[in-house]
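The values are calculated or read from the model by the stated rules, or taken from the named source; none is laboratory data. Bear in mind that the values here come from a model prediction, so they are computed numbers and not experimental data. Virtual Cβ from ideal backbone geometry, glycine too; neighbours counted across all protein chains shown.
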């Protein structure tokens, strides 16, 4: 399939913007985590992922959001136990996808 130079440039710009926004979300997740923890450093944030592909960033954002709920006590929200079972499966699948992406597209 052939694409014009304008289409390619637009796609590149869109991908950069998507990555920028996902990195911003990751930083916000790090801020939220720091507020939830007493005095422990947060493992979340975008510092380690500046060169990641958008597919990787999307999965990292999702995994972090799920982990926030996994850290809640079971009795905080009805259904948390069921959520945690599904979340563990989703995290395992997502982790496998991230490993596949890392192998297919090694960072420079």
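Figures for the structure shown
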read-out: Positions within region 29-49 being assigned to a loop (DSSP other than H, G, I, E, B) and in contact with a helix residue (DSSP H, G or I) (Cβ under 7 Å, 6 or more places away or on another chain), in sequence order; value: 42, 44, 45, 46
read-out: Residue list for region 38-53, filter: without any contact (Cβ under 8 Å) to a residue 40 or more places away in the chain and surrounded by 12 or more Cβ atoms within 10 Å (Cβ to Cβ); value: 42, 44, 45, 46, 49
read-out: Residue list for region 89-108, restricted to those being surrounded by 10 or more Cβ atoms within 10 Å (Cβ to Cβ) and at pLDDT below 95; value: 102, 105, 107
read-out: Selection from region 75-105 of residues that are outside any helix (DSSP H, G or I) and more than 21 Å from residue 32 (Cβ to Cβ); value: 75, 78, 79, 105
read-out: Condition met for residue 10 (loosely packed, with under 13 Cβ neighbours inside 10 Å and modelled with pLDDT of 95 or more); value: yes
read-out: Residue check for residue 56: surrounded by 17 or more Cβ atoms within 10 Å (Cβ to Cβ) and either within 14 Å of the chain's Cα centre (by Cα) or assigned to a loop (DSSP other than H, G, I, E, B) (or both); value: yes
read-out: Qualifying residue in region 13-21 (condition: exposed (fewer than 15 other Cβ atoms within 10 Å of the Cβ), over 19 Å from the mean Cα position of the chain (by Cα), free of Cβ contacts under 8 Å to residues at least 12 places away in the same chain and closer than 25 Å to residue 105 by Cα); value: yes
